[in-house]
């Protein structure tokens, strides 16, 4: 059996690994969609190191509550917006508008914000995920305050907000004390060894390579330690080993895992 690089990446990205802690996080995120309105809407800040699986978790969350496309109206319970290119609140509003309507909305920022809130109500949006939220730190101090105030206004309007980012996001949320208290902060920690082993076995099963599990168990502790229990790092190693073994015929041994770890810089 062999895999093209494209097919392997697609398979890796479509897999979901049943890690108890992350299943609990998924349930907490799901409640943000299904809970009835509250006087003060709850929001959840998702914090974790780079490559720790935050984006994978959000992708799975959105699969649980997918958009429904109709002839006259599309329903979008969750919107995902990456904060990286945003430089001011006007861009934030325009990017959110673009997620729900192809029509460019004119008017000043307050008018566009009101139009946005009306549209979000029509399409049934309950949750806005703000990925790479730590990038708020790349703009000026005054703009950061305005960003957080705008996000607070969205929350006040009944939307549940999920900022996602690295530890730097804690600093970003602390810029404006009032809105920062609205987020329950939860961390995505490194995997336990048992969870790390489970990810590898599930990855091989997803690829129908169950016979690889015995060999991997001999190298599992080395891979776990060298990748610091970070799921994305571990999957990078597994992906590379699969490509080498299935395309070039390299024998799957502990040495192959060790060489791959060194080549990838772990």
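The values are calculated or read from the model by the stated rules, or taken from the named source; none is laboratory data. All values reported here derive from a predicted model rather than from experimental measurement. No Cβ is skipped: glycine too gets one built from the backbone with ideal geometry, and neighbour counts run over all protein chains shown.
Against the numbered list (1) modelled with pLDDT under 95; (2) surrounded by 14 or more Cβ atoms within 10 Å (Cβ to Cβ); (3) assigned to a helix (DSSP H, G or I), residue 214 comes up short only at (2). Taken over segment 221-266, the criterion of being assigned to a loop (DSSP other than H, G, I, E, B), surrounded by 18 or more Cβ atoms within 10 Å (Cβ to Cβ) and free of Cβ contacts under 8 Å to residues at least 24 places away in the same chain is satisfied by no residue.
Quick grid of which residues meet (1) in contact with a helix residue (DSSP H, G or I) (Cβ under 6 Å, 6 or more places away or on another chain); (2) surrounded by fewer than 19 Cβ atoms within 10 Å (Cβ to Cβ); (3) more than 27 Å from residue 169 (Cα to Cα):
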| site | (1), (2), (3) |
| --- | --- |
| 2 | yes, yes, yes |
| 51 | yes, yes, no |
| 79 | yes, no, no |
| 82 | no, yes, no |
